[in-house]
1. Hey, could you check the stretch 50-66 for residues that are at pLDDT below 85 and among the hydroxyl-bearing types (Ser, Thr, Tyr) and say which is most open to solvent (accessible area, probe 1.4 Å)?
2. Could you go through the stretch 4-12 and let me know if any residue there is open to solvent by less than 40 Å² (accessible area, probe 1.4 Å) and closer than 20 Å to His111 by Cα.
3. Restricting the search to the stretch 98-110, which residues are open to solvent by less than 70 Å² (accessible area, probe 1.4 Å) and touching a residue at least 24 places away in the same chain (Cβ under 8 Å)?
4. Only one residue in Asp41, Asp20, Asp69, Asp47 is touching a Cys at 6+ places or on another chain (Cβ under 7 Å), at negative phi and either surrounded by 15 or more Cβ atoms within 10 Å (Cβ to Cβ) or at pLDDT 85 or above (or both). Which one?
5. From the list Arg5, Arg36, Arg97, which one is over 25 Å from Gly113 (Cα atoms), among the basic types (Lys, Arg) and out of contact with any Cys (no Cβ under 6 Å at 6 or more places or on another chain)?
Amino acid sequence: TAEGRSPLNSVLLFVLRFMDILGYMPSISHCMVCGRKLGEDIRWGWDPTRGILLCSDHLRESSELLLVDLGTLLLIERIRSLPLDTLWRLQFASHKRWELLHALVNWVSHHTGRSFSAVRVLDQVQWE
């Protein structure tokens, strides 16, 4: 990749910022059950279908739930506020990118009411 940038990371940055601009980005500042603030826990779960964040006390086993660490959530919060010319500098952990992309695709599909036939293409792309 050019200058060490990951194409998959760029896609994630774009989708997250775009969904925030459209107003679809859910609040990830606290647990939607008890109100625990983001910095007060390190393990979190994001339910992309319902668009809610759950702290470690309220996680339950679910195929829809994406386990997310505090660092990833703080990175997503930064995506909302950074100027576009510096946004590209943010990097998701390489082992989290693919899982996050699939969760985002499911989330976007749910909120737009449309499935993405391009997901098959995404699965075939050599991202790293």
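The values are calculated or read from the model by the stated rules, or taken from the named source; none is laboratory data. On a predicted model such as this, the values are computed, not experimentally measured, just so you know. Counting neighbours? That spans all protein chains shown, and the Cβs are built from the backbone with ideal geometry, glycine included. In case anyone asks, the SASA skips ligands and DNA or RNA and just uses the protein heavy atoms, side chains included. Shrake-Rupley method; radii C 1.70, N 1.55, O 1.52, S 1.80 Å.
1. Ser63
2. The initial filter retains those residues of the stretch 4-12 that are open to solvent by less than 40 Å² (accessible area, probe 1.4 Å), namely 6, 8-9, 12.
Next cut, closer than 20 Å to His111 by Cα only: 12.
Yes, the conditions are met somewhere in the stretch 4-12.
3. Let us first name the residues in the stretch 98-110 that are open to solvent by less than 70 Å² (accessible area, probe 1.4 Å), namely 100-105, 107-109.
Residues satisfying the conditions are Leu100, Leu101, Ala103, Leu104, Trp107, Val108.
4. Of Asp41, Asp20, Asp69, Asp47, the one residue that is touching a Cys at 6+ places or on another chain (Cβ under 7 Å), at negative phi and either surrounded by 15 or more Cβ atoms within 10 Å (Cβ to Cβ) or at pLDDT 85 or above (or both) is Asp41.
5. Details: Arg36 fails: out of contact with any Cys (no Cβ under 6 Å at 6 or more places or on another chain); Arg97 fails: over 25 Å from Gly113 (Cα atoms).
Among Arg5, Arg36, Arg97, only Arg5 is over 25 Å from Gly113 (Cα atoms), among the basic types (Lys, Arg) and out of contact with any Cys (no Cβ under 6 Å at 6 or more places or on another chain).
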